[in-house]
1. At pLDDT 95 or above, closer than 28 Å to ALA196 by Cα and out of contact with any Gly (no Cβ under 8 Å at 6 or more places or on another chain): which single residue out of ARG318, ARG292, ARG324 fits that description?
2. Under the condition of being among the hydrophobic types (A, V, I, L, M, F, W, C) and buried (at least 16 other Cβ atoms within 10 Å of the Cβ), which residue from the stretch 528-539 is nearest to the chain's Cα centre (by Cα)?
3. Which condition number in (1) over 20 Å from MET404 (Cβ atoms); (2) small (Gly, Ala, Ser); (3) touching a Ser or Thr at 6+ places or on another chain (Cβ under 9 Å) is the one that SER494 fails?
4. For LEU268, are the conditions met, namely being crowded, with 20+ Cβ neighbours inside 10 Å and assigned to a helix (DSSP H, G or I)?
5. If you scan the stretch 484-523, which residues turn out to be over 27 Å from ARG428 (Cβ atoms), among the basic types (Lys, Arg) and without any contact (Cβ under 8 Å) to a residue 12 or more places away in the chain?
6. Could you list, in sequence order, the residues of the stretch 600-628 that are within 23 Å of VAL389 (Cβ to Cβ) and either at pLDDT below 95 or of a type in the set (Asp, Glu) (or both)?
7. Looking only at the stretch 141-160, decide whether some residue is closer than 30 Å to LEU254 by Cα, without any contact (Cβ under 8 Å) to a residue 60 or more places away in the chain and assigned to a loop (DSSP other than H, G, I, E, B).
8. Tell me the residue from ARG428, ARG454, ARG477, ARG416 that is surrounded by fewer than 15 Cβ atoms within 10 Å (Cβ to Cβ), basic (Lys, Arg) and on the phi < 0 side of the Ramachandran plot, please.
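The values are calculated or read from the model by the stated rules, or taken from the named source; none is laboratory data. Everything quoted here is computed from the prediction, not taken from an experiment. All Cβ positions, glycine included, derive from the backbone under ideal geometry; neighbour counts span all protein chains shown.
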Amino acid sequence: MLPRLSLLLILLLPVFGGLAASPEQDQRLLDQRAAFRQALARAELGDWSGVRPHLDLLRDYPLRPDLGAAWLRSTLGSGTDAEVEEFLVEYPDYSFSGDLRYRWARSLAKRRAWSRYLDLYETSFAGTGDTELQCLALTARLRTGTSRDVPTPGMDLWMTAYSQPEECDPVFEYLSEAGFLTDEARRQRIRLALEAGQVRLARYLARPLTDADRATIDRWAKMRTDPAGRLSDPARFRNLPDAGDLVTYGFRRLARIDPPRARELWPLYGDLGISPEVALGIQRDIALAYARRFIPGARELITDQATVDDDPIVAQWRVRLALRDLDWETTLTALDDLPQDERSRTIWTYWRARATDGTGDIEAALPLFATLAGSRDYYGFLSADRLGVPYQLGHRPTPPDEEMIESLAARPDVIRARELFMTGLYGRGRAEWQLLLERLTPAQRAQASILAHRWGWHSQAIITASANGLRDDLELRFPTPWKESFETLSIRASLDPSFAYGIARSESLFMSDVASRAGAIGLMQLMPATGKQTARLAGIRYRGTATLTDPESNIVLGTTYLGRMLERFGGNMVLATAAYNAGPHRVSAWLPKDRQLPADVWVDTVPFRETRRYVRRVLESDTVFGWRVDGELRSLSLRMPPVRPDAEKRGG
């Protein structure tokens, strides 16, 4: 193995790269990509002997510095600090720089190199909001004799409802020993933890306190477990010092669990001394819980609440409940009572038009529909259908400036972003793409979106086009990648390809590696458990994350699952879309009980805001993709049949 100094010199050699201009160069670039993947795997293991055979071929490859970053990450230690520092000076703003810098910081802290850690923290991480690194910085101050700077930020970190990382323990121990963590400070944090439902943390925090403090925690724990049972006897709260907060917590929890019981018990607490503002909040929670579950009496309750409460969510649900009952007159009244800035939103303009039409005043409704019908969106399409006029897609292709595109394609930062994408380092590629966009003019960014589209990097083409005034270029914003697979597999699952495309774009913007906070993965964002179950139905081998991040496999699974949802809900794509987002069991609970509803009414009375938006976005995208795939503009209204109480196929 080469001495470290020689190795670093190799890694820091100038890198040149550009667009391949001949078949030989094309093949060489392909060979370099393959060699880079192999070398990167060895560098990440700290195996330089496995990297060395590829260095000659990769001498001018744009991603060669990434090998250095990977090797340094895997060999961090006291002997590499100087090399890491030199490397980061040479490459301060690359996609790998942040990760290497972070890992180096953690390595310095682990080795208790506190002075060097503090220098790095102050220049790179102060103000980033990283709690672990901040706690390590405070620990470094304690260990280097600058404890005067610790109490104020330390107490800020202490005062939270949730557990802090173990890196904060030395700071909290210091605060306790120095007398900053008073009993009152502990009680304040315990209260925060209890209100957030963190009973275990509250018990831990109360260890140094009194039996009375532990009894308080027991009361809150019992309230969390059984709010209905605890609240059924108001007398037990009469002489408690925390009665108001405890009862408030209990009712807000009970409103989520059992709204009718919360409504039944609430009048028993009128003389407890709860402030008017807090009481109004409890009443609001109960009223909104009734509304979102369509519990009988919800309309009366939300109307009463609206007379004393100017909360905009209450006003919106007053409209939605009137819609759910197809009570057009009350819908108009409720729309008039929306806050002024809320009233002018597209959604409420549409429902004013629908309600006006519903009362029989067609002449007054037509101009309202006309204000929306020219828009390329969900409400615009539905309004155009009401008027019987064609959709206005307004597609305007962006004229390519080939000279500028060629100039952009030759830039080293653009080449690096391209190669990160081409070699499958998608996350790093997205980070580097966003960095380089900051260095481009608006005109260059517009042409960069065309360049990304030509590479097949559709997520960045969509984002860049949308952010730079190219919202009418539907080829850029609604691409059709993996077209053969989407068409073949959609048809196999009894779906329109445009429907599957609409789901994929809405879920991931065609990023095959992306994972949601909930854990859904890939193009069509499937949860691992769903992917495993669907793989059996689709007859393909399931290999965990590797299957979900493989585009072709993900399309198989996504279209199969979407087809199952469509079959389960009787071919109603509105319900299938909602089920794909929120789960079929929730959609079953949201079906009307005694009569069918117009699909647009059902969509905008779904309890979850995320699902309402998701369904509208998918249906809007499906309409555009229908035109992109086969050149046809299909009526959105005709694809939205009424939602029936018996829409779900039993056993489906």
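1. None of the others qualify; the one that does is ARG292.
2. Out of the qualifying residues, it is ALA535.
3. Result: SER494 passes all but (3).
4. So LEU268 does not fit the description; no.
5. Scanning the stretch 484-523 gives no hits.
6. ASP600, ASP604, GLU620, ASP622
7. Yes: one or more hits.
8. Within the list ARG428, ARG454, ARG477, ARG416, the selection yields ARG454.
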